[in-house]
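Taking it in order: structure first as structure tokens, then the write-up.
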Amino acid sequence: MITMDVVLWACLLVILSLFIKIVYQTLDCYLFTPIRIKNIMSRQGVHGPKRRLLIGNLDNIAELVSKTTSVDMPSIDHDIVPRLLPHFVLWSNIYGKRFIYWNGTEPRLCLTETELIKELLVKHSTVSGKSWLQQQGCKHFIGRGLLMANGIDWHHQRHIVAPAFMRDKLKSYAGYMVECTEEMIRSMKTEVDKKKTEFEISEYMAKLTADIISRTEFDSSYQKGKKIFHLLTILQQRCSKASRELCFPGSRFLPSKYNREIKSLKMEVESLLMEIIQSRTDCVEIGRSNSYGNDLLGMLLNEMQKKREGNGFGLDLQVIMDECKTFFFAGHETTALLLTWTIMLLASNPSWQDKVRAEVRHVSNGGPLSVEHLSKLYVLNMVIHESLRLYPPATVLPRMAFEDLQLGDLHIPKGLSIWIPVLAIHHSEEIWGEDVNEFNPNRFASKSFSQGRNFMPFAAGPRNCVGQSFAMMEAKIILGMLISKFNFEISDNYKHAPVIVLTIKPKFGVQVYLKPLEE
């Protein structure tokens, strides 16, 4: 007969074994594995700055970046790597092209050798991806959407959303882009008639791209989509700030001010998304509609229905909401910044502005710009590429090795994150020449450059940005329409002060003078 003492001892042993297992896994994650990785890389001659327990080099990075960005640049100077990535400049000068630094307890290998980068992004794309630390940092912002998914989840999500960005589907979005841009141009002309000449262009570009992505993602529910955009913008800022505060394991679960605000914003965003989703499902269930819609949300809901019928990938409501948030952020944020920086460059380089305007008028024969004209806008295409080179939306491209890899002469152990400093590569004199920090779109006149190795504003390899064609089409339509209606001139009030808030943004916006052109 089993006594109560035996049962108690058995329960205690189970609890003790679970506790030991948790302790070992925690030590393995935060101590044993990082030390193992550090030793493996040290034996290969790869070293880096000394780290502090738990926070690694986060305090060094924060101090360096705070120092360089606290002072505005005296003029429009595109040599922004020392300002935005001062730690990269410092450590690469000390340790060379390869070095290890620590993002908290996560070791990261800085890699700038383009051949090895190409090999990682193309050959090893299936066994590398986003680290747990990255996923946790974006958990409340964009969740586990396509941008943060790995492995088979990423493969299925990419397969589901890819049709939304095929050529025929893209053409159907052009009408929204033209309509929203015409509305903004009318608004600008009205303000000019009221004697306004200076415009903070980043605000207009943010509103315009939010309108466009709201319509393409949510169609008739775009007004709620715009509210979601506003909340996501605040959530992005909070997550970016909180990521610099989280310096020890488990701190994301503490009821701190940052955590409370982030969770509250996340709940509000998802509540609005659920209202839109519920209205779609109600219409189908009561027979008012036989589909969930032809926009991105409709495609995702159709896939969820296939799952219920037993012949589709397991999408659930949380994944659908994460996907909507991902494409809202990626589809709006990157394009708005691309437009903002390009207008700044054109406003401060009037000769190139004249070239683009002459090309737009020639290609469209003085009439409205259409989708068929876009492939013939070679000069505009060069200008956009040069803007993306100088001011890529993302400064870094991170990947974690999910198994041991061989990159050239380097053995990459499982669990090592690889940090590809896109901004530094785009500003490398070795790759781009002595005029690397000058605005020179002619460098893209030839197709001889390799986008997979040297130019990666949309990443590269199988995990490249699925929406890059959408972004390029949107940028060409908006810029082509704007430049045919206005002349841009940089304002005397403009302060050149790029900063990083997940993406590269102008700290004080971009002020330009707008002068309407004669029809």
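Summary of computed values
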read-out: The stretch 349-402 - charge dipole about Cα centre, Lys and Arg +1 at Cβ, Asp and Glu -1, debye rounded to 20; value: 100
read-out: Nitroxide proxy distance, nm - points 7 Å out along Cα→Cβ at Y378 and L90; value: 4.6
read-out: Distance histogram for the chain (every C-alpha pair counted, 20 angstrom bins, percent rounded to whole numbers); value: 20, 53, 24, 3, 1
read-out: Global form of the stretch 1-150, assessed from the alpha-carbon gyration tensor, a/c cut-off 1.5; value: prolate
read-out: Charged-residue dipole, Cβ positions (Lys, Arg, Asp, Glu), the stretch 353-498 about Cα centre, Debye nearest 20; value: 500
read-out: Theoretical ellipticity at 222 nm over the chain - DSSP helices of four or more residues, -39500 (n - 2.57) apiece, nearest 500; value: -17500 deg cm²/dmol
read-out: Over the chain, relative contact order from alpha-carbon pairs under 8 Å, at least 6 apart, %; value: 22
read-out: Farthest positive-ward along the chain dipole, Cα basis, beta-carbon charges - from I425, T190, A358; value: I425
read-out: Once the Cα gyration tensor of the stretch 80-184 is diagonalised, semi-axes √(5λ) in Å; value: 34, 21, 16
read-out: Student exercise, the chain dipole from Lys, Arg, Asp, Glu Cβ charges, in Debye to nearest 20; value: 880
read-out: Dipole-positive endmost among V512, C465, I478 within the stretch 437-518 (Cβ charges, Cα centre); value: C465
read-out: Span per principal axis, largest first, for the Cα atoms of the stretch 146-222 (Å); value: 56, 25, 22
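No value in this document is a laboratory result; all are computed from the given coordinates. As the structure is a prediction and not an experimental result, all values here were calculated from the model. All Cβ positions, even for glycine, are placed from backbone atoms using ideal geometry, and neighbour counts span all protein chains on display.
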